[in-house]
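Handing you this structure, nothing more for now.
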């Protein structure tokens, strides 16, 4: 499983200059990788998304919410099947199906600690 | 020192929230939340059918009848809606694709339950109210079996 690198000085400066975006994780579906309250940095100008990447996506059933999940697979239509690292306690693509690329808001590139 | 300043600035930077959605914030489900209003629907249906209209010109008796009947109807409709809401929560939030494999008629049972709730809301049908309870019993059996627990079916009335 891909790990999230700890943020470098350059990553932190990128957040301050608006190149990366700061997100705080709420809830526990990404345990043990991410805990409730963990801070991650997200690149919204991401390139290719691969299986194993952790992404921020628009929740397909809720208007405002963004979710954080790991890409488990990419289906034949190019949609992303997202699953929490804590699958026994996660609402994800197993419930709302794979999400189209338009729903992906960014890729997690670093964590604060 | 610079690291500390940088971390402080990061702390102050605008923050977005990424929901690591759990499977229901509490994970507590129980089909009795459907059974209780469904039972109330059956009870109210029986009461409506049993309530006799007063004869003659007794205005007070007519008013009392209208008042009682209105209350019975109101409760029946409210409880039918509640049973539908609770059944839909179980269907969409608790049951998962793997349950569908084990219970291939799961979707059909919930769909018919929701339809029966609507029928019971609109009509005064003892047949539909009893059928609703029979469907809620099926949900009870699937639910507790999926949890590996032997919980006997029982009703309050």
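Taking the conditions exactly as written (more than 8 Å from every other protein chain (Cβ to nearest Cβ), touching a residue at least 40 places away in the same chain (Cβ under 8 Å), in a loop (DSSP other than H, G, I, E, B) and surrounded by 12 or more Cβ atoms within 10 Å (Cβ to Cβ)), does residue A:41 satisfy them or not?
No; evaluated as a whole, the condition is false for this residue.
Just wondering, is there one or more residues in region A:27-38 that are touching a strand residue (DSSP E or B) at 6+ places or on another chain (Cβ under 6 Å), within 11 Å of another protein chain (Cβ to nearest Cβ), buried (at least 21 other Cβ atoms within 10 Å of the Cβ) and not in a loop (DSSP other than H, G, I, E, B)?
no
Any residue in region A:82-103 that is free of Cβ contacts under 8 Å to residues at least 40 places away in the same chain, within 15 Å of residue A:23 (Cα to Cα) and within 10 Å of chain B (Cβ to nearest Cβ)?
no
If you check B:68, B:45, which single one turns out to be in contact (Cβ under 8 Å) with a residue 60 or more places away in the chain, assigned to a helix (DSSP H, G or I) and either exposed (fewer than 15 other Cβ atoms within 10 Å of the Cβ) or more than 14 Å from chain A (Cβ to nearest Cβ) (or both)?
Only one candidate passes the filter, namely B:45.
Let me ask something else about it. I'd like the residue in region A:56-84 that is part of a loop (DSSP other than H, G, I, E, B) and in contact with a helix residue (DSSP H, G or I) (Cβ under 7 Å, 6 or more places away or on another chain) and, out of all such residues, is surrounded by the most Cβ atoms within 10 Å (Cβ to Cβ).
Only one residue fits best here, namely A:60.
Can you pull out every residue in region A:1-25 that is surrounded by fewer than 19 Cβ atoms within 10 Å (Cβ to Cβ), under 17 Å from residue A:84 (Cα atoms) and facing another protein chain (nearest Cβ under 9 Å)?
A:24
Residues to consider are B:135, B:140, B:99; find the one that is over 16 Å from the mean Cα position of the chain (by Cα) and assigned to a helix (DSSP H, G or I).
B:99
Looking at this structure, is residue A:50 surrounded by fewer than 20 Cβ atoms within 10 Å (Cβ to Cβ) and either within 12 Å of the chain's Cα centre (by Cα) or over 29 Å from residue B:89 (Cα atoms) (or both)?
Yes, satisfied.
Could you list, in sequence order, the residues of region B:15-42 that are within 14 Å of chain A (Cβ to nearest Cβ) and either in contact with a strand residue (DSSP E or B) (Cβ under 7 Å, 6 or more places away or on another chain) or at pLDDT 90 or above (or both)?
Within region B:15-42, B:15, B:16, B:17, B:18, B:19, B:20, B:21 qualify.
Hey, another quick one. Give the residues of region A:5-26 that are in contact with a strand residue (DSSP E or B) (Cβ under 6 Å, 6 or more places away or on another chain) and in a helix (DSSP H, G or I), sorted by residue number.
Answer for region A:5-26, where residues must be in contact with a strand residue (DSSP E or B) (Cβ under 6 Å, 6 or more places away or on another chain) and in a helix (DSSP H, G or I): A:11, A:15.
Let me ask something else. For region B:72-82, does any single residue satisfy the condition of being closer than 25 Å to residue A:94 by Cα and within 14 Å of the chain's Cα centre (by Cα)?
Checked region B:72-82: no residue is closer than 25 Å to residue A:94 by Cα and within 14 Å of the chain's Cα centre (by Cα).
Any idea which of A:65, A:75, A:86 is at pLDDT below 95, closer than 30 Å to residue A:8 by Cβ and over 13 Å from the mean Cα position of the chain (by Cα)?
Only one candidate passes the filter, namely A:86.
Mind listing whichever residues of region A:2-21 are in contact (Cβ under 8 Å) with a residue 40 or more places away in the chain and within 14 Å of the chain's Cα centre (by Cα)?
A:2, A:4, A:5, A:20, A:21
The values are calculated or read from the model by the stated rules, or taken from the named source; none is laboratory data. This is a predicted model, so every value here is computed, not measured. Cβ atoms come from the backbone with ideal geometry, glycine included; neighbour counts cover every protein chain shown.
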